[in-house]
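Take a look at the structure set out below.
The values are calculated or read from the model by the stated rules, or taken from the named source; none is laboratory data. In this text, all values refer to a predicted model and were calculated from it rather than measured experimentally. Positions of Cβ are backbone-derived with ideal geometry, glycine not excepted, and every protein chain shown enters the neighbour counts.
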Amino acid sequence: MKEIKIGDISELHIDDMGHTGAGIGKIDGFTVFVEGAVVGDTVQVKIVELKKSYGFGKIIEFIEHSPHRVESECSVSDLCGGCQLQNIKYEEQLKLKKKMVVDNLERIGGISSISVNDVIGMETPFRYRNKAQFPVGQKNGKAVIGFYQKKSHEIVECESCILQHKINDKIVSDMKQIIDELGMTVYDEKTGKGLLRHIVTKVGWHTHEIMLILVTNKKAFPDKEIIIQEIIEKMPEVTTIIQNINTGKNPSVLGEKSITLYGKGYIIDSLKDVQFYISPLSFYQINPIQMEKLYSKALEYADLKGTETVFDLYSGIGTISLFLAKQSKKVIGVEMAPSAIKDAIKNAELNKITNTEFYHGKAEEVVPQLYKQGERADVVVVDPPRKGCDERLLKTMVEMKPERIVYISCNPSTLARDLKYLEENGYKTKEVQPVDMFGGTMHVESIILMTYCGSKKK
């Protein structure tokens, strides 16, 4: 293999995509990542950065465009860090996501004997998000609202995001006008001064209730009543307005303290015949269209007969718990966020479901305690964050020996790691079903059925 140096110019065929959305090609076996390139492109690149086993190239010119390439429907997709695949045909996006799941299961999990199903896609992969987070800034004395540019905190102004609910276009436009007309100060990360940091919206997909959250840098809110009145007059669609206080320097959008400024302080949404109480800090799946498909598959895999005790781990506001409860004897939910536990209990009451119990705490701490106290699960449903499950939790699950484990994951690499542990300790992966919850991006949700097949020795 020839020595590759910074500044080298080479022709490169793109045959894969990285998890950040960069195209991947090889020069004499050496891997090169190229921003803006897609599978099937042939490009001339200049090497701009080198690591020990891979490098980064910048496109000088396109020699041949990929047959999978399309014109992005978003005018700022090249700048905005939110979408990585808007310039690729949707059918190819689904194939890339399936390949990502397969590759991780084989490479990290050592699981190659099970066939991965085709990704369950959307009829129209646009305008599906029920939650939006917009950083607020200022440029030339005018308010700027949009999204952060890739690898920076520079705000890319966006008048219409094709992934967000349509109402957000109007909310962003109206809020810019209100900020400018009333002279609201906006937060400056460098100085730590200014009031308004982010605008967050939550939309009840089926109820059409809308929550508008104003994330502020402090509790004091000058001209609060005037601003609320302006929002109500310009945006009658908004049913509740929240002030969320975030004084931290970390990248978190929301702080822990929320104050209701207008309306009831929450929204209600529904899925099938279940209603959900959603508060400012609640986690609720961002794609309600695909959420129904995902949860239907979870119920299918759980295969409940009405006599089972089910553990729902990382249960959030109880979305899956309540569906499971309708088909089982009892559901025990475990969730770390205290606000989510409160919402889960309210949601059970709202739907008159009485066979649920919700415990606050880390799953890796609460579940071993419950097990010691004699609680046993026939079925475990686990839906962890991107970092996956703590090994202490996996160990307890193995000791408990539930008949079935239904694992829902938003990160194929940590999913593969956890499945490997479970496969080495008595469980067998039976089916893998990816679901596209995040069209236009590199993210993919997967739902997996595992069954108990005896101890490792057997």
Original post:
Are there any pairs with C-beta distances below 7 angstrom linking a residue in region 21-37 that is closer than 16 Å to Q93 by Cα to a residue that is of a type in the set (V, I, T) and in a strand (DSSP E or B), with the two at least 6 apart or on different chains, and if so which?
Top reply: A22/V34; G23/V34; I24/T31; G36/I59; A37/V43; A37/I59
Original post:
Can S160 be described as within 23 Å of W205 (Cβ to Cβ) and in a loop (DSSP other than H, G, I, E, B)?
Top reply: yes
Original post:
Looking at region 71-85, which of the residues that are of a type in the set (D, E, K, R) and farther than 14 Å from Q149 by Cα is nearest to the chain's Cα centre (by Cα)?
Top reply: E73
**OP:** Quickly run through region 13-49 and pick out the residues that are of a type in the set (A, V, I, L, M, F, W, C), at pLDDT below 95 and more than 27 Å from the chain's Cα centre (by Cα).
**Re:** I27, F30
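So that you can scan it fast, the table gives a plain yes or no per residue for (1) more than 26 Å from I278 (Cα to Cα); (2) at pLDDT 95 or above; (3) out of contact with any His (no Cβ under 8 Å at 6 or more places or on another chain):
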site	(1), (2), (3)
P135	no, yes, no
G146	no, no, yes
Q149	yes, no, yes
D169	no, yes, yes
E189	yes, no, no
G192	yes, no, yes
R197	no, yes, yes
K202	no, yes, yes
I210	no, yes, yes
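So is K387 among the charged types (D, E, K, R) and modelled with pLDDT under 95 or not?
no
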**OP:** Report whether or not D383 is in the same structural domain as L294 (by TED's automatic domain parsing) and touching a Cys at 6+ places or on another chain (Cβ under 8 Å).
**Re:** no
**OP:** Please indicate, with yes or no, whether at least one residue in region 144-167 is out of contact with any Pro (no Cβ under 9 Å at 6 or more places or on another chain), small (G, A, S) and within 25 Å of I226 (Cβ to Cβ).
**Re:** no
Original post:
Quick check: is even one residue across region 283-293 among the polar types (S, T, N, Q), touching an Asp or Glu at 6+ places or on another chain (Cβ under 8 Å) and under 27 Å from G255 (Cβ atoms)?
Top reply: no
Original post:
Which one of these is charged (D, E, K, R) and touching a Gly at 6+ places or on another chain (Cβ under 8 Å): K249, K234?
Top reply: K249
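Can you find even one residue in region 244-261 that is at positive phi and surrounded by 16 or more Cβ atoms within 10 Å (Cβ to Cβ)? If you could, list the steps in order and put the result at the bottom.
Step one: filter region 244-261 for residues at positive phi, giving none.
The answer is no, given that none of the residues of region 244-261 is at positive phi and surrounded by 16 or more Cβ atoms within 10 Å (Cβ to Cβ).
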Original post:
Out of all the residues in region 17-67, which are on the phi < 0 side of the Ramachandran plot, part of a loop (DSSP other than H, G, I, E, B) and surrounded by 15 or more Cβ atoms within 10 Å (Cβ to Cβ)?
Top reply: G18, A22, E35, A37, V38, V39, D41, S66
Original post:
How about region 424-440: which of its residues are surrounded by fewer than 18 Cβ atoms within 10 Å (Cβ to Cβ) and touching a residue at least 60 places away in the same chain (Cβ under 8 Å)?
Top reply: K430, E431
**OP:** Would you mind stating whether G109 is at pLDDT below 95 and either aliphatic (A, V, I, L, M) or outside any helix (DSSP H, G or I) (or both)?
**Re:** no
Original post:
What residue, among those in region 163-212 that are in a loop (DSSP other than H, G, I, E, B) and charged (D, E, K, R), is farthest from I267 (Cα to Cα)?
Top reply: K190
Original post:
Would you pick out the residues in region 334-356 that are acidic (D, E) and either buried (at least 16 other Cβ atoms within 10 Å of the Cβ) or under 18 Å from Q285 (Cβ atoms) (or both)?
Top reply: E335, D343
